[in-house]
Amino acid sequence: MSTEPNDLLAANRAWAGATEAREPGFFTRLARQQSPRYMWIGCADSRVPANELVSLLPGELFVHRNVANVVVHSDLNALSTVQFAVEHLKVAHIIVVGHYGCAGVRAAMRDLRVGLADNWLRHVQDVRLRHREQLDALPPERQEDVLCEMNVIEQAGNVARSTVLQDAWARGQKLAVHGWVYGLRDGLLKDLGVTMDGPQAVLEVPAAALRRCACAGAGQEPQ
Ligand code: CO
């Protein structure tokens, strides 16, 4: 379907009208305050629209997206968003969501040069290099999917190790970080078992999840 910007504006007017008709006062209530329980950190890919996938309405999901769902400790944009979510909105869960078939992960896996973004994807290549032995041992057709999963686990670990999360846990704030991966082919989200709800979990959970996903990728039982 080909659309022009004016069609989008018309669609927006129809959506706003239908939403207000279904739930009178919806927008005026939301305009006063947002109090989302969840934060989503995902890929910018147009096929992975955060709210739709989990059936959450405006006001229910605080979202940060970038190429290949990367969270690095020098990225003020991501960290500021996390800080706002944790300290002001007091979200209870932060979910890092990757997806299979991610072009950024593919470029990192195959050493493809895409331009300026190569510097950003260097972070995903770093994940690949850290786990090169396990990845190289996998059948070639599984490597990219497993790197998608490993990238989610590593980025979830980065969120959990950030000063924002460490400080929140030190204050006694209840807050968990999770890692999920989305299947473009079936529309399903998979939990990668990297849920961290305190500083101790950060030390153990990502390493175990990485071992599990390397074993599952190789078709073996986890060790
Ligand atoms: Co992607």
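Before we move on, is Phe62 away from the ligand (no atom under 16 Å from the Cβ) and free of Cβ contacts under 8 Å to residues at least 12 places away in the same chain?
Details: away from the ligand (no atom under 16 Å from the Cβ): yes; free of Cβ contacts under 8 Å to residues at least 12 places away in the same chain: no.
Taking the combined requirement at face value, the residue does not satisfy it.
Could you check region 40-52 and list, in sequence order, the residues that are more than 10 Å from the ligand (Cβ to nearest atom) and within 15 Å of Val152 (Cα to Cα)?
Restricting attention to region 40-52, the residues satisfying the condition of being more than 10 Å from the ligand (Cβ to nearest atom) are 40-41, 49-52.
Across region 40-52, the qualifying residues are Trp40, Ile41.
Somewhere in region 141-155, is a residue over 20 Å from the mean Cα position of the chain (by Cα) and part of a helix (DSSP H, G or I)?
In the first step, residues of region 141-155 are kept if they are over 20 Å from the mean Cα position of the chain (by Cα); the result is 141-142.
Imposing the further condition that a residue be part of a helix (DSSP H, G or I) reduces the set to 141-142.
Yes, the conditions are met somewhere in region 141-155.
Only one residue in Ser55, Ser35 is of a type in the set (Gly, Ala, Ser), more than 14 Å from the ligand (Cβ to nearest atom) and either modelled with pLDDT of 95 or more or under 17 Å from Leu184 (Cα atoms) (or both). Which one?
Values: Ser35 fails: either modelled with pLDDT of 95 or more or under 17 Å from Leu184 (Cα atoms) (or both).
Testing whether each residue is of a type in the set (Gly, Ala, Ser), more than 14 Å from the ligand (Cβ to nearest atom) and either modelled with pLDDT of 95 or more or under 17 Å from Leu184 (Cα atoms) (or both) leaves just Ser55.
Let me spell it out: the conditions are (1) more than 15 Å from the ligand (Cβ to nearest atom); (2) surrounded by fewer than 22 Cβ atoms within 10 Å (Cβ to Cβ), and Val114 meets all of them except one. Which number is the exception?
With respect to (1) more than 15 Å from the ligand (Cβ to nearest atom); (2) surrounded by fewer than 22 Cβ atoms within 10 Å (Cβ to Cβ), Val114 is out only on (1).
Hey, does region 8-28 have a residue that's touching a residue at least 60 places away in the same chain (Cβ under 8 Å) and either of a type in the set (Asp, Glu) or within 16 Å of the ligand (Cβ to nearest atom) (or both)?
For region 8-28, residues touching a residue at least 60 places away in the same chain (Cβ under 8 Å) and either of a type in the set (Asp, Glu) or within 16 Å of the ligand (Cβ to nearest atom) (or both): absent.
The values are calculated or read from the model by the stated rules, or taken from the named source; none is laboratory data. Not measured: the values here are computed from a predicted model. Please note: Cβ atoms are built from the backbone with ideal geometry, for glycine as well, and neighbour counts cover all protein chains shown.
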